[in-house]
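Structure first, commentary second.
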Amino acid sequence: MKSLTPDRFLQSQGFGSRKECQKLVLAGLFSFEGEIIVDLKRELNPLNQSEVGLEFSIGGHTYFFREKVYLALNKPSGYECSASPQHHLSVFDLLPDYLVNRGIQSAGRLDQNTTGLLLLSDDGEFIHHMTSPKHHIHKTYEVGTRDPITQDQKNLLLNGVQLRGEPGPDKALEVKILGEFLMEMKIDQGKYHQVRRMIAATGNFCETLRRTAEGNLNLESLELNSGQWTFLDKYNFHDK
C-alpha cells in the first residue's frame with residue numbers, strides 16, 4: 001500500500017471528511033506510532049507485515065490501521081440489518097461511528113427477530129463471496145419450534161422440502177434434534193427466510209431462530225454476548 005498524508009490516513013479509517021481530518025491533525029490530536037503529527041504533508045506508511053497495521057491515536061484513544069475491516073457481531077433481536085431501518089433499530093447502531101463511516105455492510109441479512117452471528121465488512125469482494133450462492137457458505141442455526149419436532153420432520157428437512165416460488169426442493173445439510181422443541185440445522189444457501197420457510201414446509205412453525213455459525217466461525221469460540229462485536233482476520237475464515 002502506498003504512503004498516505006495524515007488527513008487521507010484518518011479519512012480512510014472513518015474519522016470524517018478530509019477537511020475534518022485536517023482539523024484533527026492541526027489541533028495536535030493525531031499521533032502515529034507514538035509521535036504527534038501536525039505536518040499535513042508528512043507521508044505515513046500505515047501497514048507493517050501483518051493485515052493489521054501500525055498503531056495511531058486520536059485524542060488519546062488508540063486504534064490500529066486497517067486497510068479493510070472484517071467484523072463479527074452477535075446480533076440481538078429487534079435490530080434490522082439496514083443502515084436505514086423502517087421499524088426497528090439498526091445493527092449499525094451497535095458499532096462505533098468511525099466503522100460505520102467506512103461504509104461497512106452486512107454479509108447477508110438476518111431479519112429483525114433472528115439473532116446470532118452476523119458478519120460485516122467494507123471489503124466488497126468479501127461481501128460478494130459471502131453472499132454469492134455459488135460459494136455454498138455453510139450456516140448453522142438453532143431453531144426453536146412451536147410444536148414438538150418429529151423424526152419425520154427431520155427426514156423431510158434432510159431429503160428436501162419444496163418452497164413456494166422455488167424451482168426445486170431445498171434440503172438441510174445436517175439436522176440434530178436437541179430437545180422436544182429445539183433443533184440445530186445446517187444449510188449452504190441463503191434464500192429469503194429460508195430456515196423459517198423450510199420448517200413451515202414440514203408442518204411445524206419456527207418460534208425462535210439463532211445463527212450459531214457461519215463457515216468455520218461460531219459464536220461459542222468468538223465468546224460474544226448479545227450486542228457485542230469483534231474484529232476478524234479474513235484469512236482465518238473458511239467457507240465450511
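Dividing the mean sequence gap of close Cα pairs (under 8 Å, 6+ apart) by how many residues region 72-207 holds gives a relative contact order of 21 percent.
Spin-label pair GLU43-GLN86: with each label point 7 Å from Cα along the Cα-Cβ axis, the two points sit 5.1 nm from one another. Straightening the chain between THR230 and THR150 buys 25.1 nm, computed as 0.36 nm per residue apart minus the Cα-Cα spacing. In percent, rounded to a whole number, the relative contact order of region 6-66 is 29, using alpha-carbon pairs under 8 Å and six or more apart. Subtracting the Cα-Cα distance of ARG8 and ASN159 from 0.36 nm times their residue separation leaves 49.0 nm of extension gain. The relative contact order of region 82-124, computed from alpha carbon pairs under 8 Å that lie at least 6 residues apart in sequence, is 30 percent. To the nearest 0.05, what FRET efficiency results for GLU180 and GLU125 with a Förster distance of 41 Å applied to their C-beta separation? So, using R0 = 41 Å, E works out to roughly 0.40.
For the listed residue pairs LYS41/LYS68; LYS68/LYS186; LYS68/LYS171; LYS41/LYS75, the alpha carbons are over 31 angstrom apart in LYS68/LYS171; LYS41/LYS75. Debye sum, Cα scatterers, region 1-78, no solvent: what log₁₀ I/I(0) at q = 0.12, 0.15 1/Å? Listed by q, the Debye log ratios stand at -0.35, -0.51. Kirkwood analysis of region 97-240, using all unique Cα-Cα pairs, places the hydrodynamic radius at 16.1 Å.
Taking every Cα-Cα distance in the chain and sorting them into 5 Å bins starting at zero, the pair-distance distribution P(r) comes out as 1, 6, 12, 15, 15, 13, 11, 8, 6, 4, 4, 3, 1, 0, 0 percent. Using only the C-alpha atoms, the convex hull of region 1-133 corresponds to 122 Å³ per residue.
None of the figures in this text is laboratory data; all of them are computed from the coordinates on show. Bear in mind the structure is a predicted one, so any value in this text is a computation, not a measurement. Counting neighbours? That spans all protein chains shown, and the Cβs are built from the backbone with ideal geometry, glycine included.
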